[in-house]
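Undergrad: Got a structure for you, written out below as structure tokens; questions coming shortly.
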Amino acid sequence: MLDWSMSTPNSGPPLSASEERTWAMVAHVGVFVAAWIAMGFLCPLIVWLVLRGRSEFVRRHSVESLNFQISLLIYTAIAVVLILITFGLGVLIIVPLIVIGAIAAVVFIILATIAASNGREYRYPLTLRLVR
């Protein structure tokens, strides 16, 4: 696990409540933009690296989004390995699961974005919390 919360540089003045909610939302919804290049984890990673010292709220949301994206990558890698191990027969089971998982991921990201815009916390389900 990575825990860099104590080594956070103060990179500027604290964010206002409105700015906090906006950047927390960007950490979640920006995943859709970064996903076009198959790197959904980039947006929350950038938000976390740039703003973690200015807002605890933004830090928590960006870390949660980052952990969710890393978890999705790990789950996808496992699915590919299972397909390869079963010489393609796993496709019959895994492809429907991937479709259901993708729909669920979109719903979870939307719920997290709404929670961030309302100033509330959100915890993604089935997430490996590797970054703190």
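The values are calculated or read from the model by the stated rules, or taken from the named source; none is laboratory data. All values derive from a computational prediction rather than experimental measurement. Note: ideal-geometry Cβ built from the backbone for every residue, glycine included; neighbour counts use all protein chains shown. Quick note on the areas: whole protein, heavy atoms, side chains included, nothing else; ligands and nucleic acids left out. Shrake-Rupley method; radii C 1.70, N 1.55, O 1.52, S 1.80 Å.
Undergrad: For region 31-64, what are the residues that are at pLDDT 90 or above, among the small types (Gly, Ala, Ser) and surrounded by fewer than 24 Cβ atoms within 10 Å (Cβ to Cβ)?
TA: Selection gives Gly53, Ser55.
Undergrad: Just to be sure, is Ala77 at pLDDT below 95 and either charged (D, E, K, R) or surrounded by fewer than 13 Cβ atoms within 10 Å (Cβ to Cβ) (or both)?
TA: Answer is yes for this residue.
Conditions tested, residue by residue: (1) without any contact (Cβ under 8 Å) to a residue 12 or more places away in the chain; (2) within 21 Å of Val80 (Cα to Cα); (3) open to solvent by 60 Å² or more (accessible area, probe 1.4 Å).
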| position | (1), (2), (3) |
| --- | --- |
| Gly90 | yes, yes, no |
| Val95 | yes, yes, yes |
| Ala105 | no, yes, no |
| Gly119 | no, no, no |
| Arg123 | no, no, yes |
| Arg132 | no, no, yes |
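Undergrad: Say whether the condition of being closer than 16 Å to Ser65 by Cα and not in a helix (DSSP H, G or I) is met by at least one residue in region 104-119.
TA: Scanning region 104-119, I find at least one residue that is closer than 16 Å to Ser65 by Cα and not in a helix (DSSP H, G or I), so the answer is yes.
Undergrad: Considering (1) outside any helix (DSSP H, G or I); (2) over 23 Å from Thr22 (Cα atoms), say which one Ile98 fails and leave the rest.
TA: (1)
Undergrad: Name the residues in region 14-30 that are part of a helix (DSSP H, G or I) and either open to solvent by 20 Å² or more (accessible area, probe 1.4 Å) or touching a strand residue (DSSP E or B) at 6+ places or on another chain (Cβ under 7 Å) (or both), would you?
TA: Ala17, Ser18, Glu19, Glu20, Arg21, Thr22, Trp23, Met25, Val26, Val29
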